[in-house]
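To start, the structure under review is shown below, and the notes come after it.
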Amino acid sequence: MLKCFSFTASLDWFYRVMFSNASLRSVTIDLGDGTVMHCWIPKNVIQTKPNLLLVHGFGANAMWQYGEHLRQFTARFNVYVPDLVFFGESYTTRPDRTEAFQARCLMRLMETLNVRKMSLVGVSYGGFVGYSMAVQFPEAMEKLVLCCTGVCLEEKDLERGLFRVSDLDEAASIVYPQTPERLKELIQLSFVKPARGVPSCFLSDFIDVMCTDYVEEKRELIQAIIKERKSFNLPKINRPTLIIWGEQDQIFPLELGHRLKRHIGESAQLVTIQNAGHAVNLEKPKEFVRHLKSFLTDSSQIPCSETSLLHGGQ
């Protein structure tokens, strides 16, 4: 039977309208080496405003992960929302799959847009890329927000049982699902209170629209962030950093948030949000935005000690 209506495609169209109404426009830029990057950029750049780069994780595309928060930031910042390579309309013919390569592509994109300094928010995989940007281009980074970003994971953590999966292939099949059953599993792992009773036809529609492009390349991206990873090889950064974590994250457990805070040291603070999982930006959007706005607009030195802001305490 011919499928006449796609809920996922309709919602994607709605997000495009939302981004346009938030005074952003869509651009696609050829970086000249087989790499093409898509990004939502301000229709009018205000030179007196600071720049804010919002970097997505695995999932649909950048619009779906930041659409609910967009208007909270466009009044205060020149906001840039890119699609990473192999997401949305961005791609490359180059073989590199590391987050370091993604970071270099992103920096070249921002330089092409004449953005030399910025703060960055990275969700999950986007935080891997953001951390690498802070390592490679510290002079460009003003403040950094890492949300549920397991950059301090090690490959041996799979064997030790820290994660719900025990090998790279299973991790890839869940994070980038190709069946309704795997998508249900991803939803259950990502949310403390996942939606119940979602019909398989809706899940299949989401997969058809959002999860059929660059399947092998995205598996390689997942494998690249885990394979042979050792935290002692992770360079340190000294940018003011806010680490946000869902207390019940089942994809990157909170232990990795504590590791990251210890690794960065004095320039970082850790915020845990109760009753939230890996998709904390979607599950607890008001708390998520409140912490971001407080940190990004605070011109004072960030606290040295690990902090919880759950009950409004600064």
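See the values below:
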read-out	value
13 Å beta-carbon shell around residue 230, net charge (K/R +1, D/E -1)	0
Among 23, 136, 39 the positive-end extreme of the charge dipole of the chain (Cβ point charges)	23
Region 1-101 - Rg (one decimal) and Dmax (whole number), Cα, Å	15.0, 55
Residues whose placed amide H lies under 5 Å from that of residue 229, excluding near-sequence neighbours	155
Cα centroid separation, region 3-25 to region 227-261 (Å)	33
Residues whose placed amide H lies under 5 Å from that of residue 84, excluding near-sequence neighbours	56
Simple Cβ-charge dipole of the chain, Lys/Arg +1 and Asp/Glu -1, about Cα centre, in debye nearest 20	980
Cα lying deepest toward the dipole's positive end in the chain, options 122, 207, 50, charges on Cβ	50
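Where a number appears in this text, it was derived from the coordinates with a stated rule and is not lab data. Worth saying up front: this structure is predicted, and the values here are computed from it rather than measured. Cβ: placed from backbone, ideal geometry, glycine included. Neighbour counts: every protein chain shown.
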